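Visitor: There's a structure below that I have some questions on.
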Amino acid sequence: MSLGLLLIGRGSHTEIARYLRVAEEVGFDEGWLADERFYREVYATLTYLATQTSTIRIGPCVTDPFARHPAMTAAAIATLDEISGG
């Protein structure tokens, strides 16, 4: 069994990273960030979070295919994968 945490993209990127680092330190396995139009851009934020953590797995909760073009989603995920080292 793994333990995950859902983060909402409110607050600064450094604040979100701090919450995720604490979750990582206390043993959470996953951190999920909501892909919501009215909060932070999810893939840019996840890319930043990948540089601030080491063991916790991260990803978007849901990506709306009607709000985001599939090619842009693929490019964002490829960039996140490259910067995070997979």
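The values are calculated or read from the model by the stated rules, or taken from the named source; none is laboratory data. Note that the structure is a prediction, hence the values are computed from the model and not measured. Note that each Cβ is placed from the backbone with ideal geometry, even for glycine, and that neighbours are counted across all protein chains shown.
Visitor: In region 6-22, how many are modelled with pLDDT of 95 or more and touching a helix residue (DSSP H, G or I) at 6+ places or on another chain (Cβ under 6 Å)?
Guide: Within region 6-22, residues that are modelled with pLDDT of 95 or more and touching a helix residue (DSSP H, G or I) at 6+ places or on another chain (Cβ under 6 Å) number 2.
Visitor: Sticking with this one: Hey, can you tell me all the residues within region 1-17 that are surrounded by 12 or more Cβ atoms within 10 Å (Cβ to Cβ) and either without any contact (Cβ under 8 Å) to a residue 12 or more places away in the chain or among the basic types (Lys, Arg) (or both)?
Guide: Correct list: Arg10, Gly11.
Visitor: Regarding Ala76, is this residue buried (at least 19 other Cβ atoms within 10 Å of the Cβ), farther than 18 Å from Gly11 by Cα and of a type in the set (Gly, Ala, Ser)?
Guide: yes
Visitor: Residues of region 18-44 being among the aliphatic types (A, V, I, L, M), in contact (Cβ under 8 Å) with a residue 24 or more places away in the chain, surrounded by fewer than 19 Cβ atoms within 10 Å (Cβ to Cβ) and over 15 Å from Asp64 (Cα atoms), which ones?
Guide: Residue satisfying the conditions is Ala44 alone.
Visitor: Of all residues in region 33-56, which are in contact with a strand residue (DSSP E or B) (Cβ under 7 Å, 6 or more places away or on another chain), more than 11 Å from Gly9 (Cβ to Cβ) and not in a helix (DSSP H, G or I)?
Guide: Selection gives Ile56 alone.
Visitor: Separate question: So which residues in region 57-86 are in a loop (DSSP other than H, G, I, E, B) and farther than 23 Å from Phe38 by Cβ, if there are any at all?
Guide: Result: Gly85, Gly86.
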